[in-house]
Amino acid sequence: AVVSTQSGHYGRGGEVVNQADFTKRMDAYGKKRNRHYYFMTISKDEIIDAQIKGNLSRFINHSCEPNSETQKWRVNGVLRIGFFALKSIKKGAELSFDYQYQRYGDDVQKCYCGSDKCRGTLGEKLSELAPKPERESPQREDTSSPTTNSPRPKKKESDTLEQSLNRITRDDGSLSSPDNALQLSRLMVQTDSVEHRQLILKTIQSTSDAATLKRFLNYQGLNIMWSWMVDVNEYPALIRGENKLTIIRALQGLPISTKNAVEDSKVIKVLKKWVDNEQSSNSSQADSSEESAPVAEETEETETEKSAEEIETERQVVETGQALLDQWNSLKEVFKIPKKEKSTDCDSALIPLL
């Protein structure tokens, strides 16, 4: 470690390739008899190759008893991998994490981590590994039984998320302390399920402690909320309005002190678009109703017509959303002195690739 830390983090760098390119590169590196590989999986079809363009994190060694771990975070809508300390790490101590290595061949790679909990080898053969559920498909469940050397079977995402929420919330559903704000942010990044997101949003709504909510904002809370707002457009029409309203109500309770915060995170831009679109939709529907009123009894109700409940939800989205926009627009803006631009001199612009 460069400095002593209790909660430091470091990002993983490299080229992001798909599964097809990953297979090609594995074959190419094998033909070149490369002894070391620097691959790390981000998602089902996104893999980091740090062989050529990686940063120093590619030299972090494996340990069966590591002092750090990898976590997936969504930053401004982009999925990234970072290294986070699991415990206090003194300056000069070697960083390590569990590779959770998947072996593609028959050759077993011996582990030299030296830990008292050393498993002896790095990972298991891919075909021997118990099937794991993908985060994107929470309906798949691991039905294998645990063995001594096999990965711990995972439960359904819904069970895991609800249990995690129960550990960090009170009986009324609010966060029990400011220290749990980080865990809440992690849960938000990890889930793609509409139902799970609703549970988390209700947790935010139930939390009134300003210190806890400020801590949530410090842990990229608004940026995560922005990514959820963007995802709402992909939801089925029947639940889209209700999810918009839930997000708006969660945003209402956040202690945002400057307009810069909502502009930098782009949540104000998305909210304005929601309000404008709903107002336009309601106006168009009203005009259409007036024109077709004389023949309303002769026509059957179509599938595209909205129910009274949907129309009421849209009205609340406009009303609540506009009130929040007015609140945000009244906030003060903080002007920061721009950083001095770096010199464009060729010698100073050259950065060595690790």
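The values are calculated or read from the model by the stated rules, or taken from the named source; none is laboratory data. Predicted model only: the values in this text are computed from it and were never measured. Because the Cβ atoms are built from the backbone with ideal geometry, glycine has one as well, and the counts that use them run over all protein chains shown. Accessible surface areas use protein heavy atoms only, side chains included; no ligands, DNA or RNA. Shrake-Rupley method; radii C 1.70, N 1.55, O 1.52, S 1.80 Å.
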> Hey, which of these cross-link pairs are over 18 Å Cα-Cα: Lys266/Lys332; Lys53/Lys87; Lys202/Lys306; Lys244/Lys269?
Replying inline: Lys53/Lys87; Lys202/Lys306
> Pairs Lys24/Lys72; Lys24/Lys273; Lys91/Lys214: which exceed 32 Å Cα-Cα?
Replying inline: Lys24/Lys273
> What distance in nm separates the simple spin-label points at Leu238 and Ser208, each placed 7 Å from Cα in the Cβ direction?
Replying inline: 3.5 nm
> What does the accessible area per residue of the stretch 183-275 come to in Å², with a 1.4 Å probe and no ligands, DNA or RNA counted?
Replying inline: 43 Å²
> Ranked highest first by average number of other Cβ atoms within 10 Å, how do 81-88, 306-313 line up?
Replying inline: 81-88, 306-313
>> Could you derive backbone 3J(HN,Hα) for the stretch 179-195 from the dihedral phi with the Karplus parameters 6.51, -1.76 and 1.60 (θ = phi - 60°), listing whole Hz in sequence and x where the residue is Gly or Pro?
In response: 5, 8, 5, 5, 4, 5, 4, 5, 5, 5, 5, 7, 9, 10, 6, 4, 5
>> Can you give me the distance in nm between label points at Lys117 and Lys24, each placed 7 Å from the Cα along the Cα-to-Cβ direction?
In response: 4.0 nm
>> Show me the trypsin sites (Lys or Arg not before Pro) within the stretch 168-199 that DSSP assigns to loop and that have at most 15 other Cβ atoms within 10 Å of their Cβ.
In response: Arg170
> Using the Cβ atoms and a cut-off under 13 Å, what net charge is assigned to the surroundings of Asp209, where Lys and Arg are +1 and Asp and Glu are -1?
Replying inline: +1
